[in-house]
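Comments concern the structure below.
The values are calculated or read from the model by the stated rules, or taken from the named source; none is laboratory data. If you're wondering where the values come from, they're calculated on a predicted model, not measured in any experiment. Neighbour counts run over all protein chains shown; Cβ positions are idealised from the backbone, glycine included.
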Amino acid sequence: MDALLRLFSLIPGWDQNVPAWASITLAGLVAAGLCLGFMSLGPVGYVYVERKIAGFMQDRLGPMRVGPWGLLQTIADTIKLLFKEAIFPAAVHKVMFVVAPCLVVTGAFMGFAVLPFSPTWQAADLDVGAFYVIAIGSLSTVGLIMAGWASNNKYALFGAMRSAAQIVSYEIPAVMSLIVVVMIAGSLSLQAIVGEQAGGLHNWFLWKFFPLNVIAFLVFFTATLAECNRTPFDIPEAESELVAGFHTEYSGFFFAMFFLAEYTEMFVASAMAAVLFLGGFAAPIPALQTVGGFDIGPVWLIAKAWALVFVHMWLRWTLPRLRVDQLMHVAWKVLLPISLFLIVVVGGLLTWPATANGFPWDRWVGWLLSALLFVYLATTAARAWRWHARQVREAVA
Amino acid sequence: MSAGITRPVTSAESVGWRIDDIGPDEMILSMGPQHPSTHGVLRIELITDGELVREARPHIGYLHRCFEKHCENVDYPGVIPYTDRLDYVASMGNSLGYALAVEKLLAIEPSPYVSTIRVIMAELQRIASHCVAVGTYGMDLGAFTPFLHLLRDREKILDVFEWTCGARLLYNYNWIGGLSHDVPDGFVRACREIVAEFDKVTWPELVNLLIGNRIFIERTAKVGVVSRELAISYDLTGPNLRGSGVAYDLRKAEPYCGYENYEFAVPVGEGKHGPLGSCFDRNWVRVVEMKESARIISQALDRLEKLEKTDVREKVPKRAKPAKGEVFARSEAPRGNLGYYVVADGTAVNPYRVKVKSPCFTAMSAFHHVARGVMIADIIALIGSFDVVLGEIDR
């Protein structure tokens, strides 16, 4: 929005003649339009890429018929979905049935508002940007539950209940690992978080307190993967169990909206992971930040986000799906303890003041302590595993 | 949660329930017949408490095609195309059992050349069938890619079948007393290539990608445990029985087609990742069996090259009209012991009665027993691990 306002003031006489509220409203509308365009056209690309990646992994070609290399396939599919009749089964709750996909799309879309594409290209630089993304992400849960309930279908209801349980559970480790970053950056503003990581690869939060933030990144990535309902956490729409989960009864454009929301959420989650841990729009080498005087921050952010989106797709076409109880086990007994532990350790490392003579002895002590903790945790886990194996052996015998 | 999970099973209550049996927190979920992973048109009624399944009742018969009645109205060779349609994933094995039964009735002994080709075809079919079984099992659990990899390799086997007899799914190949076509020139080399590629590429890839996957193990290893006693009492056969640790294989126990001449192991479930007889074990048995089948094929190909070539239709009767009598013959089809009971009345050219003893049917009968107290996702894992083909259950 800043960039747009600056653009407006370049027009001669704009600042004198147009009142401030009008130019802010106009900038907001243009920014929203840009985000909306990006969001609605993005999935056309993601779906094509996903199909091609799936084809590559499964030893086949993927779409090849429509256009060169099947490039127009997703466009054709989109047009088909837009023109298809949206079927309303007789027993659905009509109002909620329509509102639900809108809510899901809204929830996914609003995350875009705070994504920083460059120091100036950001729809709104909120002070609580990180918090906002998480909060607005939960909005789609409401939509999913509404969809499941309004469909008046047992499979849809199962899907809705699963997704509610899943998203609520996985939000906690996601937030906890996000707090690690927020503590390091000292701000919830995404702009400030990226600003802290500027100046090259080595400044990324991923490498800070070396193994710790890598773990935090993995926790965050796993949790957001689950929040996007992607394999191996795609149980709300597990097609082999629940037919299509919460969108079993949807067709035509409403189905397309769920699809749109899913891919948008995937992008937003990946972009958030990139912003929090991979330097956001900051280039890995400072020299590559600008090309010919232009800031190519948006390219860097999108490239990083797409790299993570690729990992999402890679996992999807490789892994089987977890069961509901195993899913909860991963969230509450694996990810949450790890992220809580990270908060304590990183918080401790941050609060120890640097020593006077310049050499951070206390940091080294912190390293040692955390290494010891790690060893302790690892041995505990190994012992638990051995115990478990023995139990199984005895059960068999 | 309810008491139903620990309640001892009696035969009367194990099959049905009344509407009063459904508790206030429970719901009946009808899974199928149009459901993506019931492997055909199976319908299962589940009493669920949230994600937990208290009872499951399978309903079969959606694919009933009057197979046995049809058989009474066509002549003996005319039944063979119908047998192909029983277990349409493994047609070669189906017609083999029927051909063996009628040969017993007519007292025909096919030449060793024919028997060897039958063994090769049956074992190729076993690999192809287990490819589908293991692949779809992975797909049931959400792993899509292994399925397509396995289907790619099944395709090569189907190509060989097509090359031999012109059909890719329903072959009408094992005739009474012989075969419909001799194997084409270069058949041995093509089969050797398939076996070599299977051993070198497909099998290790499958184990790496799917079987060794931690999530796959977690999903299957402690689910659907069929004890040795239960497996025997429900007459499970084939990989379902061997998954429970019983090393019983008709190819060893009652060899037919000269199976006694081949060296192969009978893989049994080992309870590697959990209790013995779990879904993982049944699936693991199938995976290892593919490898053993490849071994048998290599030996049979060696044998085929040494054997004198005979006309494969030499002993096919012009008009099959057996004397009055009845016979039961069975073979180890990919899904278990497939038995044919054929009654001839001595006057007609069509059988008086053909009764099929289906391995999938018996597997399905044990289903409700292990489907208690599991989760909805486990129901899918269970159906897949029994590897039922509804065409054979409903007939």
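Of all residues in region B:244-257, one or more are within 13 Å of chain A (Cβ to nearest Cβ) and either surrounded by 22 or more Cβ atoms within 10 Å (Cβ to Cβ) or over 22 Å from B:Pro146 (Cα atoms) (or both). Being without any contact (Cβ under 8 Å) to a residue 60 or more places away in the chain and under 24 Å from A:Val309 (Cβ atoms) holds for only one residue in A:Leu225, A:Leu139, and it is A:Leu139. In summary, A:Gly55 fulfils each of the numbered conditions (1) without any contact (Cβ under 8 Å) to a residue 60 or more places away in the chain; (2) more than 15 Å from A:Phe259 (Cα to Cα); (3) more than 14 Å from every other protein chain (Cβ to nearest Cβ); (4) crowded, with 17+ Cβ neighbours inside 10 Å with the single exception of condition (3). Being crowded, with 24+ Cβ neighbours inside 10 Å, more than 14 Å from chain B (Cβ to nearest Cβ) and either aliphatic (A, V, I, L, M) or within 25 Å of A:Ser118 (Cα to Cα) (or both) holds for only one residue in A:Ala287, A:Ala271, and it is A:Ala271. B:Val201 meets each of the listed conditions (1) surrounded by fewer than 20 Cβ atoms within 10 Å (Cβ to Cβ); (2) more than 29 Å from B:Thr116 (Cα to Cα); (3) β-branched (Val, Ile, Thr) apart from (2). Per the listing B:Val356, B:Val343, the residue uniquely more than 21 Å from B:Arg251 (Cα to Cα), in contact with an Asp or Glu (Cβ under 9 Å, 6 or more places away or on another chain) and assigned by TED's automatic domain parsing to the domain that holds B:Leu241 is B:Val343.
When B:Ile297 is tested against (1) touching a Cys at 6+ places or on another chain (Cβ under 9 Å); (2) surrounded by fewer than 17 Cβ atoms within 10 Å (Cβ to Cβ), just one condition goes unmet, and that condition is (2).
Within region A:196-222, if we keep just the residues that are assigned to a helix (DSSP H, G or I), touching a residue at least 60 places away in the same chain (Cβ under 8 Å) and out of contact with any helix residue (DSSP H, G or I) (no Cβ under 7 Å at 6 or more places or on another chain), the residue that is nearest to A:Val345 (Cα to Cα) turns out to be A:Pro211. Evaluating B:Ala231 against the criteria (1) within 14 Å of chain A (Cβ to nearest Cβ); (2) in a helix (DSSP H, G or I); (3) touching a Ser or Thr at 6+ places or on another chain (Cβ under 6 Å) leaves one unmet condition, (1).
Going through (1) farther than 16 Å from A:Gln122 by Cβ; (2) in contact (Cβ under 8 Å) with a residue 12 or more places away in the chain; (3) over 24 Å from the mean Cα position of the chain (by Cα) one by one, A:Ile11 falls short only on (2). Checking region B:308-325 against the condition returns a match, with at least one residue being part of a strand (DSSP E or B) and in the same structural domain as B:Leu206 (by TED's automatic domain parsing). Within the option set B:Gly142, B:Gly135, being out of contact with any Ser or Thr (no Cβ under 9 Å at 6 or more places or on another chain) and within 14 Å of chain A (Cβ to nearest Cβ) holds for one residue only, B:Gly135.
Considering every residue within region A:113-121, establish whether at least one is buried (at least 16 other Cβ atoms within 10 Å of the Cβ) and without any contact (Cβ under 8 Å) to a residue 12 or more places away in the chain. So far as region A:113-121 goes, no, none of its residues is buried (at least 16 other Cβ atoms within 10 Å of the Cβ) and without any contact (Cβ under 8 Å) to a residue 12 or more places away in the chain. The conditions of being outside any helix (DSSP H, G or I), among the hydrophobic types (A, V, I, L, M, F, W, C), in contact (Cβ under 8 Å) with a residue 24 or more places away in the chain and surrounded by fewer than 18 Cβ atoms within 10 Å (Cβ to Cβ) are not met by B:Val225.
The rows are residues; the columns are (1) among the aliphatic types (A, V, I, L, M); (2) within 14 Å of another protein chain (Cβ to nearest Cβ); (3) touching a strand residue (DSSP E or B) at 6+ places or on another chain (Cβ under 6 Å).
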residue: A:Gln197; (1), (2), (3): no, no, no
residue: A:Asn203; (1), (2), (3): no, no, no
residue: A:Pro211; (1), (2), (3): no, no, no
residue: A:Ala216; (1), (2), (3): yes, no, no
residue: A:Phe220; (1), (2), (3): no, no, no
residue: A:Thr224; (1), (2), (3): no, no, no
residue: A:Glu239; (1), (2), (3): no, yes, no
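Here is a yes/no grid of residues against (1) in contact with a strand residue (DSSP E or B) (Cβ under 9 Å, 6 or more places away or on another chain); (2) within 14 Å of chain A (Cβ to nearest Cβ); (3) buried (at least 20 other Cβ atoms within 10 Å of the Cβ); (4) under 30 Å from B:Val349 (Cα atoms):
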| site | (1), (2), (3), (4) |
| --- | --- |
| B:His273 | no, yes, no, no |
| B:Phe280 | no, yes, yes, no |
| B:Lys315 | yes, no, no, yes |
| B:Arg319 | no, no, no, yes |
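Checked against the criterion of being touching a helix residue (DSSP H, G or I) at 6+ places or on another chain (Cβ under 6 Å) and surrounded by fewer than 19 Cβ atoms within 10 Å (Cβ to Cβ), the candidates A:Met146, A:Met96, A:Met110 yield just one match: A:Met96. Scanning region B:168-221 for residues that are within 13 Å of chain A (Cβ to nearest Cβ), in contact with a Cys (Cβ under 9 Å, 6 or more places away or on another chain) and either assigned to a loop (DSSP other than H, G, I, E, B) or more than 21 Å from B:Ala133 (Cβ to Cβ) (or both) yields a count of 1.
Here's the yes/no breakdown for (1) under 27 Å from A:Val182 (Cβ atoms); (2) at pLDDT 65 or above; (3) within 14 Å of chain B (Cβ to nearest Cβ):
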residue	(1), (2), (3)
A:Leu340	yes, yes, no
A:Val344	yes, yes, no
A:Gly347	yes, yes, no
A:Leu350	yes, yes, no
A:Pro353	yes, no, no
A:Asn357	no, no, no
A:Asp362	yes, no, no
A:Leu373	yes, yes, no
A:Trp387	no, yes, no
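Restricting attention to region A:297-319, the residues that are surrounded by fewer than 17 Cβ atoms within 10 Å (Cβ to Cβ) and within 14 Å of chain B (Cβ to nearest Cβ) total 2.
Checking every residue in region B:278-294 against the condition of being in contact (Cβ under 8 Å) with a residue 24 or more places away in the chain, in a loop (DSSP other than H, G, I, E, B) and under 21 Å from the mean Cα position of the chain (by Cα) gives at least one match.
Yes/no matrix, rows are residues, columns are (1) in a helix (DSSP H, G or I); (2) in contact (Cβ under 8 Å) with a residue 24 or more places away in the chain; (3) crowded, with 18+ Cβ neighbours inside 10 Å; (4) polar (S, T, N, Q):
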residue	(1), (2), (3), (4)
B:His64	no, yes, no, no
B:Glu68	yes, yes, no, no
B:Asp75	no, yes, no, no
B:Pro81	yes, yes, no, no
B:Asp87	no, yes, yes, no
B:Gly93	yes, yes, yes, no
B:Gly97	yes, yes, yes, no
B:Leu100	yes, yes, yes, no
B:Leu105	yes, yes, yes, no
